[in-house]
Every structure is written in C-alpha cells, then in structure tokens.
Amino acid sequence: MLRIRDYGRVSEKQDTPVAESVPDATATDPQNPGQPAVKPVIAAKAAKRANASVIGMVIALLVCVLAFLPIVLMNPTPKSDGYRADIDVAAIAANAKDVAGFTPVAPEPGDTFRPNYARWESGSASGVPTWEVGFLTPKESFIGLVQTRKANPTWLLQQTNNAPVTGKRNAGGREWELRDAGKGNRSLVLEYKGTTIILSGPAGIDELSTLAAAVVKSADTVSPAPSSTP
C-alpha cells in the first residue's frame, strides 16, 4: 500500500542587508585623472581651533596698532624742508675773537642762506690759522668763507684751487678779485682791514656777490680785537 506523506512547506524570510552607499566611481580628481576624487574633511574641533587662531592673530595686530598710534600722533612729521642746523655764527665768531687776533666776520646774507658750520681752525697743518664758515645757498649750492691774517701766496693758490685771476667784482662797495677756472669752484678774494677773505664754491657769481656784500657789511660793523698771536 502506497503511503503519501504531505510535508508542510515552511516559508522563511531572510533579512536582506541594505547596500551601503558607495561613492560614484565615475567621479575623478581633476588633478589626477583616473583617480577617485577625495574630499577633505575637517573635524569640527579642528575647524574651531583654526578659527580661534585667526581671531587671536587679528586681535594681537589690533593691540600693536593701538599701542603705537599714540607715539605716532605725539611725533608729527616736521613741516620744514629737511634738517636745518642751528648755527649761531655771530656767537661763535665772538668766542674766537681773542684767539684769532681779529674780529671774524659774521655775515648775515638773509634767511635764504643757511650756515651749516662755523669754526676757528688753528692751522696746525697748513701753518695758516683761519676763521671758516660754510653757507648753503638759496639755489641749493654751497659757499665756503675763509678769513685769516696770515695768508701767503702758496696758501692762497691752494684755497682757490690754482684758478687764474679772471677779473674784478664789486660787492658791498669793495673790489673783489675773481678767480675762475671755468669749471668747478670759483672764488672771490678781498684784502680788507688787515685780513684776507676768500669766498669759494660751486655757487653762481650772483650768490657769491650777495654773500660778499654781507661780508663787507659785517667787517665794517665789527669792533677791532686786540692783536695777539694765534
């Protein structure tokens, strides 16, 4: 006898895992063709620290600016045209009078001529003691004044750069000897009241004449000094 057994069918449902998202394999790095693009990821804490560092640097910069600002405000830029030496030619000449044996001239050709030195030189090297004053001229040139009681021909040639005598120039009511080599410095020379006065420099003859007139005026107004041996 044939027996037929009916086995019950059991239906089992198995959970199918959800596929994770996979980066698109077709996206590539533009700098490395064929390689997947990589997106940098900054952690929140790292980003916070970076922002804090930037803010700290900005604050430090502002503190430095605020610290130096009062110093800048208290020291404004000078409005004058560069540095101007405060040389009191008359006072220095008065101090040199006794040792010089004569009263050195202290010309005042006007505010546009600026003295940049005034001194008494003992003449230890040349043997000729001199009173010397330097002037910056209105045309931004220079004239040097030298005065002495002990001039000699050799010293005179040295002071005028061996320039030949080319004529005379009236300035301050006196005839000055003009020595000019045609280039470089030119000189005006005057023998006056027992001293030799030389004006030399690259300045034009008009500026030399202006200073020469002021020299004569100063020489006419100074009081004589007691004679002495420098």
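The values are calculated or read from the model by the stated rules, or taken from the named source; none is laboratory data. Since the structure is predicted, the reported quantities are computational estimates derived from the model, not experimental observations. Ideal geometry is used to build each Cβ from the backbone, glycine not excepted, and the neighbour counts take in all protein chains shown.
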If you go through the stretch 135-143 one residue at a time, do you hit one that is without any contact (Cβ under 8 Å) to a residue 40 or more places away in the chain and either in the same structural domain as residue 158 (by TED's automatic domain parsing) or more than 29 Å from the chain's Cα centre (by Cα) (or both)? yes
Considering only the stretch 205-220, I want to know if a residue exists there that is of a type in the set (Val, Ile, Thr) and without any contact (Cβ under 8 Å) to a residue 24 or more places away in the chain. no
Right, residue 189: touching a Gly at 6+ places or on another chain (Cβ under 9 Å) and either under 30 Å from residue 98 (Cα atoms) or touching a residue at least 24 places away in the same chain (Cβ under 8 Å) (or both) or not? no
May I ask you to verify whether residue 131 is in a strand (DSSP E or B), assigned by TED's automatic domain parsing to the domain that holds residue 206, under 30 Å from the mean Cα position of the chain (by Cα) and not acidic (Asp, Glu)? yes
Wholly within the stretch 149-230, which strands (runs of 3 or more DSSP E) include no fewer than the required count, namely at least 3 residues that are crowded, with 18+ Cβ neighbours inside 10 Å? 174-180, 186-192, 195-201
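Residues checked against (1) over 18 Å from residue 211 (Cα atoms); (2) within 28 Å of the chain's Cα centre (by Cα); (3) at pLDDT below 95:
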position	(1), (2), (3)
75	yes, yes, yes
79	yes, yes, yes
88	no, yes, yes
101	yes, no, yes
104	no, no, no
109	no, yes, yes
112	no, yes, yes
122	yes, no, yes
Which residue out of 163, 181, 213 is assigned by TED's automatic domain parsing to the domain that holds residue 101 and closer than 21 Å to residue 90 by Cβ? 213
For residues in the stretch 124-162 being at pLDDT 95 or above and small (Gly, Ala, Ser), which is farthest from residue 86 (Cα to Cα)? 151
